[in-house]
Amino acid sequence: ITLLDYDSYATITGRLLAWPVQNHAIMGTSQEHMIVQFLHSAVRAGDHAVFNLTAPSRRMFYTDQGDVENLRVDSNPQALNDYTDQWRSSMALTVLYHLCMSRHVTPWFVCTFNVACTQDYANDLWQVIPAHCWLLPPNQCLVERVLGTDYFGTKPDHQYSNDEFTAWLNTNDDQVQLYIRPCADHPNVQGRQRIAEFIAEQIQQRTAIGS
């Protein structure tokens with residue numbers, strides 16, 4: 001595969017799976033906004049939908065003009081409430097799961113830079129989505145398990161917290177250099193390739209593609 005600087009990991013994942021891809025990702029969006037994006041998408045029966053989850057603290061609201069806006073509450077630590085964040089996250093993802101089921105779409109969920117759920121703040125709604133729909137458990141994320149394995153691998157059995165992404169970036173270790181730089185806090189082309197490989201591999205394992 002020839003990688004281009006502007007290739008998203010959604011595009012690369014499609015190439016690896018030999019599937020056509022529609023990329024609906026919006027930078028800085030919320031999990032709640034993914035519901036709106038899904039409803040307005042051209043997803044149809046038989047498709048697969050991969051939800052790369054953003055920070056659970058982000059909020060979506062409608063303006064008086066009916067436009068969608070997203071608040072990056074995660075940029076203000078004093079405004080965070082993990083109980084509320086994970087409750088709203090569980091509601092949004094449950095809606096997405098049932099929307100997919102009603103449209104005969106196969107849903108896949110994976111946390112990107114932040115985890116959606118931790119044991120300390122979990123609620124019963126997290127039991128609605130079957131475990132096999134998670135490419136990683138909801139208390140793990142791609143940063144921890146795919147991009148920053150050297151750094152996080154030194155912390156066995158620890159619970160990832162959503163401020164650790166910045167802590168890892170600040171180390172500027174070899175994997176930060178390989179998968180992030182020269183970007184500030186988003187994957188470079190090698191990082192997007194690595195994420196795409198992981199997502200494609202996990203979907204293949206779960207659907208027995210090519211077997």
If you place +1 on the Cβ of every Lys and Arg, -1 on the Cβ of every Asp and Glu, and leave all else neutral, what size is the dipole of the chain about its Cα centre, to the nearest 20 Debye?
600
Determine the relative contact order of region 16-60: mean sequence separation of Cα pairs under 8 Å and six or more apart, normalised by residue count, in whole percent.
54
Quick shape check on region 124-165: root eigenvalues a ≥ b ≥ c of the Cα gyration tensor, a/c under 1.5 is rounded, otherwise prolate if a/b tops b/c, else oblate, and it reads prolate
Sorted by chain and number, the residues with a modelled amide H under 5 Å from that of A49, at a separation of 5 or more or across chains, are T106, W108
Which whole-number percent is the relative contact order of region 35-154 (Cα, under 8 Å, 6+ apart)?
29
Interchain or sequence-distant (5+) residues whose placed amide H lies within less than 5 Å of the amide H of T112 are L53, L142
Calculate for the chain the 222 nm mean residue ellipticity that helices alone would give, adding -39,500 (n - 2.57) per DSSP H run of length 4 or more and normalising by residue count, nearest 500 deg cm²/dmol.
-11000 deg cm²/dmol
Note down the relative contact order for the chain as a percent, whole number, built from C-alpha pairs under 8 angstrom at least six residues apart.
22
Indicate the gyration tensor shape class of region 90-150 (rounded, prolate or oblate), computed on the Cα atoms with a ≥ b ≥ c the square roots of the eigenvalues: a/c under 1.5 is rounded; otherwise a/b larger than b/c is prolate and the rest oblate.
oblate
Apply the Karplus parameterisation 6.51 cos²θ - 1.76 cosθ + 1.60, with θ equal to phi minus 60°, to every residue of region 97-103 and state each ³J(HN,Hα) to the nearest whole Hz, in sequence, with x for glycine and proline.
4, 5, 4, 4, 4, 5, 9
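FYI, it's all coordinate maths here, none of it is from the lab. Being a predicted model, the structure only gives us computed values, none of them experimental. No Cβ is skipped: glycine too gets one built from the backbone with ideal geometry, and neighbour counts run over all protein chains shown.
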